[in-house]
Amino acid sequence: MERLGKNHGGYHGETIDIRAVLRDIETASKQHGWTSEVFGQQGEFHLFALHRCPPSTLNSQPSTRIYLSTGIHGDEPAGPLAGLSLLRENKWPANAELWFCPCLNPIGFVLNRRENPDGKDLNRDYRHLETAEVRAHITWLERQPQFDLYLCLHEDWESHGFYLYEQNPDGKSSVAESIVGAVQKVCPIDLSETIEDRPAKNGIIRPNLDPRTRPQWAEAFYLIMNKARLGYTLEAPSDFPLSTRVEALVAGANAALAR
Ligand SMILES: [Zn+2]
């Protein structure tokens, strides 16, 4: 598969109409029994979270609680599109209780910019909470139960292929290899030994730094410190066609969900 070769110094690929995508996400979620809750505001946009309980016939079984996040970086359109695709496919584990925050930075998508309208990277603000968006998101997260698994869907305009971060401090059974195995059928994997200044192997980064030692926190750090003990940040390579990146994130998410 050929790289597009157009992302130099930033993302210069396809953009999306975030209003239309968020409308489609709301429509698909309603069709499949999700409820929607507005928890914040960014300009004219509502920030909202979706939630779905397992079917009542399965209420006697212990449920798996899964949290999905997309759309925190406005120059990474594959995430919200992958979320929409997963909603439409509706192939979640039968006993899963699901939470999905599809877009924390809608104006970022309007501007095709990573940061929020004030130029802040929301995904570095989960320690100091300087932005209204992240404060609202955390207020909402604090009202939710602990999750068994989180998935954050992103893109990286510099990467040579797909890669992921695994946060697994308790050494739980890992799905990192199965995610990579599923993605490599649809998208190249970044096999670099160093990605984003961290050691990587076969497209997998297992950061061993304690988040408490980090000056800034991504959403994933907040989650691993407060809400979940296993999670994955999936990074699709922006220098490949948007449809390939969406397919990569959907395949990776489905592999993680099938664990
Ligand atoms: Zn990102």
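Do any residues in the stretch 61-75 that are farther than 15 Å from Y232 by Cβ have Cβ atoms under 7 Å from those of residues that are part of a strand (DSSP E or B) and within 16 Å of the ligand (Cβ to nearest atom), where the two are at least six apart or on different chains, and which pairs are they?
H73/H154
For the stretch 139-147, indicate whether the set of residues that are within 16 Å of the ligand (Cβ to nearest atom) and either touching a Gly at 6+ places or on another chain (Cβ under 6 Å) or part of a helix (DSSP H, G or I) (or both) is non-empty. I'd like the intermediate steps shown before the answer.
The first filter runs over the stretch 139-147 and keeps only residues within 16 Å of the ligand (Cβ to nearest atom), leaving none.
No, the stretch 139-147 contains no residue that is within 16 Å of the ligand (Cβ to nearest atom) and either touching a Gly at 6+ places or on another chain (Cβ under 6 Å) or part of a helix (DSSP H, G or I) (or both).
I need a count of the residues in the stretch 156-205 that are in a loop (DSSP other than H, G, I, E, B) and touching a Cys at 6+ places or on another chain (Cβ under 8 Å). If you could, list the steps in order and put the result at the bottom.
Step one: of the stretch 156-205, the residues in a loop (DSSP other than H, G, I, E, B) are 157-161, 168-175, 184-188, 190-193, 196-197, 200, 202-203.
So of that shortlist, the ones also touching a Cys at 6+ places or on another chain (Cβ under 8 Å) come out as 161.
Summing the residues that are in a loop (DSSP other than H, G, I, E, B) and touching a Cys at 6+ places or on another chain (Cβ under 8 Å) in the stretch 156-205 gives 1.
Here is a check on your reading of the model: is R113 modelled with pLDDT of 95 or more, in contact with a His (Cβ under 9 Å, 6 or more places away or on another chain) and open to solvent by 60 Å² or more (accessible area, probe 1.4 Å)? Quick ask: steps written out before the conclusion?
Details: modelled with pLDDT of 95 or more: yes; in contact with a His (Cβ under 9 Å, 6 or more places away or on another chain): yes; open to solvent by 60 Å² or more (accessible area, probe 1.4 Å): yes.
Taking the combined requirement at face value, the residue satisfies it.
Yes/no per residue for (1) farther than 23 Å from Y126 by Cβ; (2) within 16 Å of the ligand (Cβ to nearest atom):
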| position | (1), (2) |
| --- | --- |
| S63 | yes, no |
| H73 | no, yes |
| A78 | no, yes |
| L81 | yes, yes |
| W92 | yes, no |
| C101 | no, yes |
| N105 | no, yes |
| F109 | no, yes |
| R113 | no, yes |
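A quick yes/no check of all residues on (1) within 16 Å of the ligand (Cβ to nearest atom); (2) over 27 Å from S29 (Cβ atoms); (3) surrounded by 22 or more Cβ atoms within 10 Å (Cβ to Cβ):
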residue: L122; (1), (2), (3): yes, no, yes
residue: D125; (1), (2), (3): yes, no, yes
residue: H128; (1), (2), (3): no, yes, no
residue: S159; (1), (2), (3): yes, yes, yes
residue: L164; (1), (2), (3): yes, no, yes
residue: G171; (1), (2), (3): no, yes, no
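From the residues in the stretch 206-220 that are surrounded by 13 or more Cβ atoms within 10 Å (Cβ to Cβ), part of a loop (DSSP other than H, G, I, E, B) and of a type in the set (D, E, K, R), which one is farthest from the chain's Cα centre (by Cα)?
R214
Identify, please: which residue in the stretch 173-199 is within 16 Å of the ligand (Cβ to nearest atom) and open to solvent by less than 40 Å² (accessible area, probe 1.4 Å) and is, among those, nearest to F240 (Cα to Cα)?
It comes out as D190.
Just to be sure, is L47 open to solvent by less than 10 Å² (accessible area, probe 1.4 Å) and more than 15 Å from the ligand (Cβ to nearest atom)?
Here the answer is yes, as L47 does meet what is asked.
May I ask you to say which residue of L153, L86 is assigned to a strand (DSSP E or B) and open to solvent by less than 10 Å² (accessible area, probe 1.4 Å)? Break it down into steps so the answer makes sense when it comes.
Details: L86 fails: assigned to a strand (DSSP E or B).
When all the criteria are applied, what remains is L153.
The values are calculated or read from the model by the stated rules, or taken from the named source; none is laboratory data. Nothing here was measured: the structure is a model prediction, and the numbers come from that model. As a convention, Cβ positions derive from the backbone with ideal geometry for all residues, glycine included, and neighbour counts pool all protein chains shown. Ligands, DNA and RNA are excluded from the accessible area calculation, which covers all protein heavy atoms including side chains. Shrake-Rupley method; radii C 1.70, N 1.55, O 1.52, S 1.80 Å.
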